[in-house]
Protein chains: 2
Amino acid sequence: MAAVFGFKGCQKIRGPQIRNLLEAKDFFLFDCDGVIWHGEKAISGATAVVNSLIRRGKNVFFVTNNCTRPRENYVLKFSRLGFNGVILEQIFSSSYCSALYLRDVVKVRGQVFVIGCDGLRRELLQAAIPCVEEADDPGATIYDCPLAANVKAVLVGHDDKMTFLKLAKASCYLRDPECLFLATDNDPWHPLSGGRILPGSGSLTAALEVASGRKATVIGKPSRFMFECISSQFSGVDPAQCLMVGDRLEVDMLFGSNCGLDTMLTLTGVSQIEEAQEYRNSELTSNHSFVPDYVVDTIADFLPAFEELEEQSS
Amino acid sequence: MAAVFGFKGCQKIRGPQIRNLLEAKDFFLFDCDGVIWHGEKAISGATAVVNSLIRRGKNVFFVTNNCTRPRENYVLKFSRLGFNGVILEQIFSSSYCSALYLRDVVKVRGQVFVIGCDGLRRELLQAAIPCVEEADDPGATIYDCPLAANVKAVLVGHDDKMTFLKLAKASCYLRDPECLFLATDNDPWHPLSGGRILPGSGSLTAALEVASGRKATVIGKPSRFMFECISSQFSGVDPAQCLMVGDRLEVDMLFGSNCGLDTMLTLTGVSQIEEAQEYRNSELTSNHSFVPDYVVDTIADFLPAFEELEEQSS
């Protein structure tokens, strides 16, 4: 696919090459954190890029492993940060897709025990999936706390109120082989300011995988499921016409690769170009799935290409 | 070693074979939970076995991955459950050995951030190793909480007061490549009554390994370090003269195998003989390290052998 442009494998692209890509692709999938914003601050130029893509009639989707907010909060955030008219249907978060998976794929019959933030629980409830009430007595322990009946799935996401008791309860529910084990995503950690990091869903999932002796089914990137959600809701989504733009090699580039999409790494987030080059040069073939087709410093590098296209058409 | 008895590989042994083993070995290493007691209840016959071994002049050691109590509490527990005269020096817990490792092996210069119970912290303080005070404001988050200076090691053990904030802080400390990453043990889970389970240190360690992108150095079984602690404190400990008795194939049998000891699985705890047989029949050579040399239903199976020996000598 990327071969039509005459190269393959994490090369920096600029003006005319970006213009060709913008013309060639109809579907643009963007990761959010580290790609179009950092927390509450849009990355410089990102609003203009997204607004231009939409104005030019491109299909834009947001595929995020951040499971802490329900989709309606994303709509508000896009608007607050200056993105024009991003609607609910463009947003594919790991919490929303987890709800779809539980409702439509496995058709869960029973309660779901959630390790995660309120946003995740809210997505499930909107899909009419009952969640176990998780209010514990302050002094409760796994030795004597009540366990809910009819728990048919444990779903792990980012949870900054994670406790040992939640982990222990989830481990007990997973003793039942009929209880499904799902994770919103497998992100190991997220960068914070000042060099701090935040353990991600992947960290909590690993704890539960060890305690239960089971492997979680991962809903978010790099699993293909988010792309299947997009394809099932929008007709004519051809992988060859898609560009996946993200900042994490092991998450976003692998996701693109798993779904047969061209991939672009933007250097405003977690991964560095040197890491991409290491994967490219690795003798381990499986590492090649982490290599982006294209690399830009920032998605603001799209802007000159838009200007050229405007000039052409005027 | 076991070959002198004409077989190798998880065979049940009885009367005369056990008597031969009792005569051949001078050092008996016992795991505790699931081997000599279940919680506050000694396994039937276990007190008589341990008391007889000690009376016959055998060297008896207790090697436990349970890091929740300081050694003096073990002494009290042995006495309370009817074991005669077990002293501090016979007890090698993962918390005690972690303190030895920090003090004598890596000679840590700085504070240790502990994820673990008070018992673990107490062992470190007794070895004069300073621990980070861990009292957090109830509303503190990783975004704004203070981080301690001069943290030179993170030590993870069983912690039933584990929180997301502790995990996040530990992840931040481990960004410093000079900060050591240790785990008291890697036990994945522990059985509770009523089919419940308790996530073990290995579960919390996995969470931190994913969040930090680093691997912990494990102090407890199956690492050799506990045996090195015994050897350094008692002269003449010859692996060929030792029998390691435990209930977990992946912990106790592997520990014995790693240290060159004969191993015995007792079926009063976690592992079943069928699992041992599966490991024995596995084509994966590394699985053979989990196979016990001997299997007994319970260490009470030693008792008839003692009786025979008494008769012989009377």
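The values are calculated or read from the model by the stated rules, or taken from the named source; none is laboratory data. Being a predicted model, the structure only gives us computed values, none of them experimental. With ideal geometry, Cβ positions are generated from the backbone for all residues, glycine too; neighbour counts draw on all protein chains shown. With ligands, DNA and RNA removed, areas are computed over all heavy atoms of the protein, side chains included. Shrake-Rupley method; radii C 1.70, N 1.55, O 1.52, S 1.80 Å.
Has the range B:181-195 got any residue that is free of Cβ contacts under 8 Å to residues at least 24 places away in the same chain, buried (at least 24 other Cβ atoms within 10 Å of the Cβ), within 26 Å of B:Arg103 (Cα to Cα) and within 19 Å of the chain's Cα centre (by Cα)? No, there is no match, as no residue in the range B:181-195 is free of Cβ contacts under 8 Å to residues at least 24 places away in the same chain, buried (at least 24 other Cβ atoms within 10 Å of the Cβ), within 26 Å of B:Arg103 (Cα to Cα) and within 19 Å of the chain's Cα centre (by Cα).
Looking across the range A:282-314 at every residue that is of a type in the set (Gly, Ala, Ser) and open to solvent by 50 Å² or more (accessible area, probe 1.4 Å), the one that is modelled with the highest pLDDT is identified as A:Ser286. Restricted to the range B:207-217, and to residues that are among the hydrophobic types (A, V, I, L, M, F, W, C) and more than 18 Å from the chain's Cα centre (by Cα), which residue is farthest from the other protein chains (Cβ to nearest Cβ)? My answer is B:Leu208. Screening the range A:244-270 for residues that are among the β-branched types (Val, Ile, Thr) and outside any strand (DSSP E or B) and picking the one that is surrounded by the most Cβ atoms within 10 Å (Cβ to Cβ) gives A:Val251. Among the residues of the range B:183-193, those that are within 9 Å of another protein chain (Cβ to nearest Cβ) and touching a helix residue (DSSP H, G or I) at 6+ places or on another chain (Cβ under 9 Å) comprise B:Asn186, B:Pro188, B:Trp189, B:Leu192.
When A:Phe227 is tested against the conditions (1) buried (at least 24 other Cβ atoms within 10 Å of the Cβ); (2) outside the structural domain of A:Leu29 (by the TED database); (3) in contact with a strand residue (DSSP E or B) (Cβ under 9 Å, 6 or more places away or on another chain), the lone failure is (2). When A:Leu198 is tested against (1) more than 9 Å from every other protein chain (Cβ to nearest Cβ); (2) hydrophobic (A, V, I, L, M, F, W, C); (3) under 16 Å from A:Val251 (Cβ atoms), only condition (1) is not met. Residues in the range A:127-162 that are outside any loop (DSSP other than H, G, I, E, B) and either open to solvent by 50 Å² or more (accessible area, probe 1.4 Å) or in contact (Cβ under 8 Å) with a residue 60 or more places away in the chain (or both): 2 in all. Of the strands (runs of 3 or more DSSP E) lying entirely inside the range B:1-99, those carrying at least 2 residues that are more than 18 Å from B:Thr268 (Cβ to Cβ) and modelled with pLDDT of 95 or more are B:59-64, B:91-93.
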